[in-house]
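Just so it is clear, none of the values below were taken in a lab; they were calculated from the coordinates. These numbers were taken from a predicted model, which means no experiment stands behind them. Every residue, glycine among them, receives a Cβ derived from its backbone with ideal geometry; neighbour counts consider all protein chains shown.
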Amino acid sequence: MNQANNITRIHVGVDVSKKKLDCHKPSTKNTGGTFKGFANDGKGIGALLRWIPKGGHVVVEATGGYEEALVATCHDLGVPVSVVNPKSVRDLARACGQRAKTDKIDAGSIARFADMVKPAPAPRPTRAQRALAAHVDLRERLVADRASHRNRLARETNPSLSLHLRSVTAHLSKTIAGIEKQIDALIASCPKMSAMRRELRKLPGIGPVISATLIALLPELGTLSRKQVAALCGLAPYARDSGAKNGKRYILGGRAKLRRRLYMGAVSAVKARTPLAAQHKAMVARNKPKKVSLIAVARKLVIRANTLCKPLASLSYAND
């Protein structure tokens, strides 16, 4: 939960889908608020931002990308906007006795959640950060597509289809290589990003892909505490204790893409002869599950990355 801002804001809840934006804004009269739907395109977003009251603070759930156009437009026009965890919104709705689920109800639930939690407005990314994040996201999607086609190729018995699949995977590999060059160029063009990558590459298990992912998807790197950076990456262990029972710790939430990349970095780190590999081996020797031990290594990696980037936090990104 973010600390409440001292500024009083009018929270407008927006339930986002691929084609539609269902909005709830509070009413000046005690009528429970006003609902309205808009198309999830440039025209609809413009109409939505004209519809919200002066001083409105737009609050949306993270929906896997469908919210990005609205968030970017809010940043461009100086409208406060926050992206919140859908599970947290739903948990609060259930706690308030709200069992039904429609787009309009969800928009109202988001607004109610924002009124209670008062999320801080998301910082506006620079053009360099946006471009890097977009390239990193596209690369990840293409890598997933290539893996899917390779798996299909391994099972395919039809020679003609195998030929097509080989052609598609070769094209994807060429495209991915081109995007990786663009990512390198984007990072090299920004002194802060370039300096961060140099520091991150000093860590075992963190190569070009993971360093770019951290810079793109964790802009807070270098400004957080140990606990904050672990939680943000979904690598912080949470207790499940009750009375005399000490339950197993578990990880929850955070930015899934970062967690996946850091886990792969941990796998690479333990394969090398590094202190992290020795720590992993010692945990396994104490009967810790291998996956739990790898998560612990991933947590150490991002904490060390955050520490290395602290001296660079005061630098400005390109195109600020």
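Just going by the charge dipole of the chain, with Lys and Arg at +1 and Asp and Glu at -1 on Cβ, which of GLY178, ALA69, VAL16 is farthest out on the positive end? Among GLY178, ALA69, VAL16, the one farthest towards the positive end of the dipole of the chain is GLY178.
Around the amide H of SER17, modelled in the peptide plane, lie the amide H atoms of ASP22, all under 5 Å away and 5 or more residues distant in sequence or on another chain.
Report, in degrees rounded to the nearest 10, the 0 to 90 angle that the Cα long axis of helix 68-77 makes with the longest principal axis of the chain. For 68-77 against the chain, the angle is about 60 degrees.
As a check on your grasp of the helix formula, calculate [θ] at 222 nm for the chain: sum -39500 (n - 2.57) over DSSP H runs of n ≥ 4, divide by the residue count, round to the nearest 500. Mind showing how you got there, number by number?
Numbers: 12 runs with 179 residues, N = 320.
The helix contribution divided over the chain gives -18500 deg cm²/dmol.
On a 0 to 90° scale, report how tilted helix 208-217 is relative to the longest principal axis of the chain, with both axes built from alpha carbons and the result rounded to the nearest 10. It works out to around 10 degrees. Derived scalar couplings between HN and Hα for the range 305-312 equal 4, 4, 5, 5, 8, 4, x, 9 Hz in order, rounded to whole Hz, by the Karplus curve 6.51 cos²θ - 1.76 cosθ + 1.60 (θ = phi - 60°), x for Gly and Pro. Under 5 Å between amide hydrogens, built in the peptide plane, is the criterion, and for HIS11 it picks out HIS57 among residues at least 5 positions away or on other chains. The alpha-carbon positions of the range 10-117 define a convex hull whose volume is 94 Å³ per residue. Normalising the Debye intensity of the range 85-161 to I(0), with uniform scatterers on Cα atoms only, and taking log10 at q = 0.22 Å⁻¹ returns -0.93. In straight-distance terms, cross-link reach from LYS192 covers every one of the lysines whose alpha-carbon lies under 25 Å from its own, apart from those fewer than eight places away in the same chain; here that gives LYS181, LYS202, LYS227, LYS257, LYS300, LYS310.
From the mean inverse distance of alpha carbon pairs (Kirkwood) and the Cα radius of gyration, derive Rg over Rh for the range 134-186. Numbers along the way, then the final one.
On the way: Rg = 12.7 Å, Rh = 11.7 Å.
Taking Rg over the Kirkwood Rh, I get 1.09.
Note on LYS101: aspartates and glutamates with a C-alpha under 20 Å away, same-chain residues under 8 apart excluded, are ASP15, ASP22, GLU61, GLU67, ASP91, ASP115.
Take HIS164, HIS24 and order them by how many other Cβ atoms sit within 10 Å, fewest up front. Could the numbers behind the result be given before it?
Details: HIS164 13, HIS24 25.
By the 10 Å Cβ count, ascending: HIS164, HIS24.
Taking all Cα-Cα distances within the chain, those exceeding 37 Å account for 28%.
Over all Cα atoms in the range 186-232, the spread is summed up by Rg and Dmax: 10.7, 31 Å.
Here's the list of lysines a cross-link from LYS54 could span, going by alpha-carbon distance under 25 Å and ignoring same-chain residues fewer than 8 apart: LYS20, LYS25, LYS29, LYS36, LYS43, LYS104, LYS118. Using only the alpha-carbon atoms, how far is helix 86-95 inclined from the longest principal axis of the chain? Give it as 0 to 90 degrees, nearest 10. Computed tilt is about 50 degrees.
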